[in-house]
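S.K.: Got a structure here, written out as C-alpha cells. Questions coming.
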Amino acid sequence: GERIALLGHSMGCKMGHYFLHWAEVNLGYDWIEDHIYQFIATGPPWIGAPKTIRSLLSGDKMGLDYFLKSNMMLELARSLGGQHWLLPLLYDDKKTWGYAVPMVSTKHDPKGLSMEDSLTKSGTPNSNNIWETHFLQDPLYLLPEEEGGVPRALRPPPVPHLQVCYGINLKTEVSYYYKYDNSGGLKLVSGSKDPRKLQDHLVHKDGIIYEIHVPDDYDSGDGTVPIASLSYSKNWVEEIEQNGRTVSHDEINGIEHRDMLSEYSFLEQLIKYVCTNIEDEDYKDEI
C-alpha cells in the first residue's frame, strides 16, 4: 500500500518522464497518485544533450580512449538504440535553448544544418529515419495532441511531487562546427579559430562550442548536459503548482554528470528527498 519514489539519472529521467505520461494516458492520473509519491530526476536531459549529435556524426569514446579506435567509437555510437532519446529537442529553439541553440554549422551553412541533413550527410540516414518514425510521430513524445499544441516531451511529468537535482558550472558542449570532407561527408574542424562571433559564455575548440560559467552572469551545465536542458523543468513550476503538485530544484556547483552518483553532496540530498514527507504541514511551512 506504500507509494514509491521513482528515481532517474540522465536518460533514466527521460524514461521516467515518458512512463508517467504513458501511465496518465493509459491508467489515469489517479493511478499515478495512488502508486507513485515522487519523481526524483537527477542530471535530467529534459530537452536532450547536443553531445548526442556529435556522437552520431563523428563518434564519442565516452571516456574509453584506451579501448576504442575512432572507427570503433563511431560504429558503437550508431549501434546504440537509446541514443535518439538524447537528441536535442529543437521545438521553438530560442525559447527552449536560450542563447545556446544546438546546431551543426559549416562554412557553407553558417545558420546551421537541419537534423535530417546533418545525419544524412554524415552517412547515417538510418538514424534520421528512426528519429522521424519513432520519435517525431509518437503522441507520448513529440507529436502534439492537437495542431499547435505542446508535445508531451516538453510538458511536466504528471506526478504529485517532482524533485530535480543536477550539477552546474562545468564546461559543456552546446554546438558544433563541421567541414565537408572530400567525399561530401562531415568532419569536425580543427583548431580554436571560429568564423562566428561567440558570446562571452561560449568558447570554441576543434569544432566543438562549449558553454562556460561566467560569474554573476551565466551558469553552465554539468559537463555533459547544458544548463538549458538541466533546468528546463523550471518552466513548469507555475503549471505544476496550479495543479496542486510540488516541484523543487537543487543545483550543486561543480558536480559532474556521471560522477554525481558517487558524490557525498548528492547522496546527502538524495537521502533528504526520500526521507522527507513533502505533504507534512511543517515541511510545507519550511519551504
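S.K.: Restricting the first residue to region 9-27 and requiring it to be of a type in the set (S, T, N, Q), which pairs with a second residue that is at pLDDT 95 or above meet a Cβ separation below 7 Å and a spacing of at least six or different chains?
M.R.: Close Cβ pairs (under 7 Å, with a partner that is at pLDDT 95 or above) amount to 10/43; 10/45; 10/257.
S.K.: Could you please find all residues in region 231-272 being under 22 Å from residue 96 (Cβ atoms) and among the basic types (Lys, Arg)?
M.R.: Passing the criteria: only 234.
S.K.: Restricting attention to region 235-257, which residues are open to solvent by 80 Å² or more (accessible area, probe 1.4 Å), without any contact (Cβ under 8 Å) to a residue 40 or more places away in the chain and more than 24 Å from residue 214 (Cβ to Cβ)?
M.R.: Within region 235-257, 238, 241, 242, 243 qualify.
S.K.: Select from region 128-173 the residues that are of a type in the set (Gly, Ala, Ser) and buried (at least 19 other Cβ atoms within 10 Å of the Cβ) and write down the one among them that is nearest to residue 78 (Cα to Cα).
M.R.: Here the residue is 153.
S.K.: Given 207, 191, 184, which one is surrounded by 14 or more Cβ atoms within 10 Å (Cβ to Cβ) and touching a Lys or Arg at 6+ places or on another chain (Cβ under 9 Å)? Can you show your working first?
M.R.: Details: 191 fails: surrounded by 14 or more Cβ atoms within 10 Å (Cβ to Cβ); 184 fails: surrounded by 14 or more Cβ atoms within 10 Å (Cβ to Cβ).
Only one candidate qualifies: 207.
S.K.: Is it the case that some residue within region 224-234 is modelled with pLDDT under 95, out of contact with any Asp or Glu (no Cβ under 9 Å at 6 or more places or on another chain) and surrounded by fewer than 18 Cβ atoms within 10 Å (Cβ to Cβ)?
M.R.: No, the conditions are met nowhere in region 224-234.
S.K.: Scan region 28-51 for residues that are out of contact with any helix residue (DSSP H, G or I) (no Cβ under 8 Å at 6 or more places or on another chain) and free of Cβ contacts under 8 Å to residues at least 40 places away in the same chain and jot them down.
M.R.: 28, 30, 34, 35
The values are calculated or read from the model by the stated rules, or taken from the named source; none is laboratory data. Because the structure is a prediction, the values reported are computed rather than measured. Cβ sites come from the backbone with ideal geometry, for glycine too, and all protein chains shown count toward neighbours. Ligands, DNA and RNA are excluded from the accessible area calculation, which covers all protein heavy atoms including side chains. Shrake-Rupley method; radii C 1.70, N 1.55, O 1.52, S 1.80 Å.
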